[in-house]
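Everything below concerns the one structure shown next.
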Amino acid sequence: MPLFWKRKKQDDIITLGLHREATEAEKKIAERRDEGPEGDFLEKFQDAVAATRETIADKLDAVFAGKREIDADVLDKLEEALIGADIGVQTSLDIIEKARKQVQRQQLNDIDELKRLIKDELRAILDNADRHRQSGTVASETEVALDIKPYVLMIVGVNGVGKTTTIGKLAHRIKSEGNQVMICAADTFRAAANDQLAIWAERSGVPLIQQKPGTDPSAVLFDAISAAKARSADVLIVDTAGRLHTKLNLMQELEKMRRIAGREIQQAPHEVLLIIDAVTGQNGLEQAKQFSKAMPVTGLVLTKLDGTAKGGIVIAIAKELGIPIRYVGVGEQMNDLIEFSSEAYINGLFR
Amino acid sequence: MFEALSDKLRKVLKDLRGQGRLTEAHIEAAMREIRIALLEADVNFKVVKSFVDRVKEKALGQEVLGSLSPDQQVVKVVHDELVEMLGGTSTQIIFTKRVPNVIMMVGLQGSGKTTTTGKLAKHLAETHKRRPLMVSVDVYRPAARQQLEIIGAAIHQSVLKLPELNDPVALVKQALRECQLVGYDTLLIDTAGRLHIDDELMNELQQIKDETQPNEIIFIADSMTGQDAVNSAQQFHQRIGLTGVILTKMDGDTRGGAALSIKEVTGQPIKFIGVGEKYDALEPFYPDRIAQRILGMGDVLSLIEKVQAEVDEEQALEMQRKLMKNQFTLEDFRDQLRQVRKLGSLDKLMDMLPSGLFGGFKMTAEQNQEMERKFKMTDAIINSMTSVERSNHDILNASRRKRIAKGSGTSVQQVNQMINEYTEMRKMMRMMTSGGLGSMMGGLGNMGSLAGGLAGGLGGGGFRRKATKRKKKKKKR
Ligand SMILES: Nc1nc2c(ncn2[C@@H]2O[C@H](COP(=O)(O)OP(=O)(O)OP(=O)(O)O)[C@@H](O)[C@H]2O)c(=O)[nH]1
Ligand SMILES: Nc1nc2c(ncn2[C@@H]2O[C@H](COP(=O)(O)OP(=O)(O)OP(=O)(O)O)[C@@H](O)[C@H]2O)c(=O)[nH]1
Ligand SMILES: [Mg+2]
Ligand SMILES: [Mg+2]
């Protein structure tokens, strides 16, 4: 079972910081690794979706009941279900159109086939996006040489989506697999942003680099990179202030941070995760577009999936922009972060 | 990426112009586009369904006005219906005599509760002369209470700090006591973000409500929310009973269809919108602006204004014809006055006209008030007439005038004066339509006839257009 955090060295995956004798704590983690940390994903995610009462499959079964073939009603219901999950309107319409054609050509006759078709379609979109990552078109921790240190991971997104909380969770997990992690508090704007991050840093036992509120975020980043170099940290996670993607000056601020990072460390930022709140509607697509202009967004984190919203806009983002979904937030506690799996996600939607 | 709804409608309805009525087939085609536009704007699909049904009913069989293209007309129907659905009961915070008034802020995680608590406290203090106390009962999220403290300091409003107390109910009890003790008249409670399916935390809200008997429970909703807005809003409303909504983060480019979804499932008014991270970025909610935004693009806004202008212009031309034939009745006179008043207050109107027109004449506030009063009175007098009287003022004998005075709460003298002004104006209007503006200005001696002159003059074409154009600019800002 794969590790949560991995970097490639030749062909075998090794954990950062483990090129020395493993400590007792790390051995325990290594054992856990064999159980596969993601085994609980399906369960947790499906629990989360179960709370949403009706899944797409339920809705379809309800309209199909007593029918012999797939008709316009069934397809309409399906369209509603997809749109209701916030899968982009255009994406939903495209998928329905495909199904409609197959029904017309009598290639699609029963409800289970229809479900399979839709699942496969959605899955293909997500997996395609992830293939970009696997092939190295989109950067990730497996693609960056081990001698580049620290690995700079930036977290960006609009206001209140869960950036800071996700950083707390990520720091905890990456550290618990034996890596030396540091956090940079580059949200110098929002009230008590530092205090909030400081508590997360403490919880996960990770050092935090911060400065006075109002400091230029790029200056904080510069400091943090210097500190991370000095302590030869493996990973530096950078919190940024929430910003709407329409604010030109704030997007320029991000670009500046990107430049500073790239100047100080080869290829940095190595990874930029855009946080998307599961309740987000169609605007999510525009968020992804605009953030991608300021920063090379390498992946998405879908937060608050423990609510009733299904976060389908990530499918539209994956389809349009080819950005893979990396992690999923399912709560407000430190352990409520899971690696994304397209299979579990789609199954959760359809269960 | 979104094609403007108006463009789409223009395409599907382009061959309809001049065909008289909107038919079923046209409406069907238009409704498909409207449905997609609303879904793209994040209006919940169930809400879209019922909305489209209602619009269909209204649009079907409507006569296509000569000067309007069918797509413009459909946009207008949709827009008007949206405005009606979004609007409604009081958008102000309701205060009672009780001390303190309690306002509870509730909502999902990260929707903007804490920030909006600060904004609202500042607003209430500055524009309503309230004395607010804020308290955070978010004992869960890291640094949630520090956040409110920092905000309080930034806006110079009080925040209750009891860091050793970690029970939300105990905290609000203390806060109520503090209000009594110090004399705060308004208590704003910032609660922790929570999921509507979190039974335990929803119960906690109920407890806080029971303890504080709030007069407002405001749902803070992120305007970027998609389809799920109906679920969360409905649950919050069912469990604790909301009294209003504030939509945050409207400074982005979200179409904000969640506004419609939330309004539809809760029935509660949207009171404010949040338009930035700073503490003064709170604005009143205007249903028409949001409707335009949901439909997408400012071009709908300008289109609707154009539609409005064309309707008015058509009426104006009609008036002119009537004047020429000396058929300008009291009813028309009233319509004209109403049109003028629709444009705004008179002094603003004067500002829009070329300055030389009245020889630099400027109205004082009192004169303006006087004119407004006069407008209202004229309206009341004409309303008290029968339709026969309105179409023929010559039959207005003494006894009729007496009855009209009584009906409109005016004196016979005032009725007489009004009728004189009307006949004066008719004369003047005729002069104007035949002799142009200059001759009309000559007739504008006293303030009394100004009302009529303005009303008629604007209706008669000429600077009516200018006024409309200026108005458009003003609105856009
Ligand atoms: N239920 C749930 N809540 C979450 C999740 N992730 C974050 N939250 C909550 O969402 C709220 C906002 O989270 P933050 O981490 O402060 O978000 P942010 O993006 O850093 O916010 P800003 O810095 O203000 O833009 C907090 O109340 C978090 O506890 C999640 O996966 N599930
Ligand atoms: N651009 C913009 N940002 C806003 C607005 N209102 C709030 N925010 C931002 O949204 C983020 C979350 O705001 P908070 O006030 O912390 O939200 P909350 O609902 O109290 O969050 P929790 O207590 O964690 O559930 C912060 O970054 C705010 O600055 C707004 O109207 N416009
Ligand atoms: Mg943050
Ligand atoms: Mg808060």
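Worth a mention:
- Search result, residues across the range A:320-343 that are buried (at least 22 other Cβ atoms within 10 Å of the Cβ) and part of a helix (DSSP H, G or I): none
- Number of the exception - A:THR165 against (1) open to solvent by less than 40 Å² (accessible area, probe 1.4 Å); (2) within 14 Å of ligand 3 (Cβ to nearest atom); (3) modelled with pLDDT under 95: (3)
- Residue count for the range B:160-197, restricted to those that are open to solvent by less than 10 Å² (accessible area, probe 1.4 Å), under 37 Å from the mean Cα position of the chain (by Cα) and within 16 Å of ligand 2 (Cβ to nearest atom): 7.
- Checking A:PHE291 against (1) closer than 25 Å to A:GLU177 by Cβ; (2) aromatic (Phe, Trp, Tyr); (3) part of a helix (DSSP H, G or I), the condition it does not meet: (1)
- Of everything in the range B:110-149 that is assigned to a helix (DSSP H, G or I) and of a type in the set (Lys, Arg), the residue that is nearest to ligand 2 (Cβ to nearest atom) is B:LYS113.
- Residue match in the range A:137-152 (condition: away from ligand 1 (no atom under 16 Å from the Cβ), open to solvent by 10 Å² or more (accessible area, probe 1.4 Å), assigned to a helix (DSSP H, G or I) and not polar (S, T, N, Q)): yes
- Of everything listed in (1) within 16 Å of the chain's Cα centre (by Cα); (2) away from chain B (no Cβ under 14 Å), the single unmet condition for A:THR166 is (2).
- Close Cβ contacts (under 7 Å, 6 or more residues apart or on different chains) running from residues in the range B:212-234 that are without any contact (Cβ under 8 Å) to a residue 24 or more places away in the chain to residues that are surrounded by 24 or more Cβ atoms within 10 Å (Cβ to Cβ) comprise B:ASP228/A:VAL279; B:ASP228/A:ALA309.
- Odd one out for A:GLN266 among (1) assigned to a loop (DSSP other than H, G, I, E, B); (2) open to solvent by 40 Å² or more (accessible area, probe 1.4 Å); (3) within 12 Å of another protein chain (Cβ to nearest Cβ): (3)
- Members of the range B:252-273 found to be open to solvent by 40 Å² or more (accessible area, probe 1.4 Å) and at the interface with chain A (Cβ under 10 Å from one of its Cβ atoms), listed by number: B:ASP253
- Any hit, the range A:202-220, residues being within 16 Å of ligand 4 (Cβ to nearest atom) and either acidic (Asp, Glu) or in the same structural domain as A:SER292 (by TED's automatic domain parsing) (or both): no
- Subset of the range B:274-294 that is within 17 Å of the chain's Cα centre (by Cα) and either within 16 Å of ligand 1 (Cβ to nearest atom) or within 14 Å of chain A (Cβ to nearest Cβ) (or both) - its residue that is modelled with the highest pLDDT: B:GLY274
- The range A:246-260 - residue that is open to solvent by 10 Å² or more (accessible area, probe 1.4 Å) and closer than 14 Å to A:LEU274 by Cβ and, of those, nearest to the other protein chains (Cβ to nearest Cβ): A:MET251
- Residue check, A:LYS304 farther than 18 Å from A:VAL235 by Cα and surrounded by fewer than 24 Cβ atoms within 10 Å (Cβ to Cβ): no
- Residues in the range A:180-193 that are surrounded by fewer than 21 Cβ atoms within 10 Å (Cβ to Cβ) and either touching a strand residue (DSSP E or B) at 6+ places or on another chain (Cβ under 7 Å) or more than 14 Å from every other protein chain (Cβ to nearest Cβ) (or both): A:GLN180 only.
- Residue within the range A:206-229 that is touching a residue at least 60 places away in the same chain (Cβ under 8 Å) and over 22 Å from A:GLN267 (Cα atoms) present: no
- Of all the residues in the range A:230-245, those that are within 14 Å of ligand 3 (Cβ to nearest atom) and among the basic types (Lys, Arg) number 1.
- Filtered residue count, the range B:171-209, keeping only those that are free of Cβ contacts under 8 Å to residues at least 12 places away in the same chain and among the acidic types (Asp, Glu): 3
The values are calculated or read from the model by the stated rules, or taken from the named source; none is laboratory data. For clarity, every value in this text was computed on a predicted model and none was experimentally measured. Cβ atoms come from the backbone with ideal geometry, glycine included; neighbour counts cover every protein chain shown. Keep in mind that these areas ignore ligands, DNA and RNA; they rest on the heavy atoms of the full protein, side chains included. Shrake-Rupley method; radii C 1.70, N 1.55, O 1.52, S 1.80 Å.
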